[in-house]
Amino acid sequence: MLFSASCLDVYHRPALQIQLPYATRLSALHQFITIVEMTQILVLAFIVFWFFKDHLNTSPTISLDTDWFYRKPARVVEKIFVNFPNSAFGKAEQAIYSIAESVSALSKNPIKVLLPVFVSEGRDIESDGFSTSIGASLSFILFGFIVVLLVILM
């Protein structure tokens, strides 16, 4: 509605047409002719609609629409497109959760994996009781940076 009001405003105030990015004819006759043309088109469309409106009411028929193809075999379609992906995504989700649980259990104390000698002796390894030297940790980090740098430069 706002757009149509702005169009009418442009036709009634020719000073606004000067700011348009295309050439326009600035005359009162042109404005009148445009309004008459629009009215003629609308009246003709209304007359055609009035004569053909009875043909819009069709008799009841059986139509084969495209939705018949998935409504008729609904159970098979549901199994293929709903149940199967749902179960597949559910199994994938459970697998990811089990992997994440394993990684988090391993990450609680990685020294149990890196130095299993301490576990076999029956000692509980706690994070505040035993830790590797900072030099070993930094060497692993430095080695990782060197590998990444070599991969980028190659």
Taking the stretch 75-106 only, how many residues are at pLDDT below 95 and of a type in the set (D, E, K, R)?
-> 4
The lone exception for Phe3 - which of (1) at pLDDT 65 or above; (2) open to solvent by 100 Å² or more (accessible area, probe 1.4 Å) it fails = (1)
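The values are calculated or read from the model by the stated rules, or taken from the named source; none is laboratory data. Nothing here was measured: the structure is a model prediction, and the numbers come from that model. Each accessible area value is taken on the protein alone, full model and side chains, heavy atoms only, with ligands, DNA and RNA left out. Shrake-Rupley method; radii C 1.70, N 1.55, O 1.52, S 1.80 Å.
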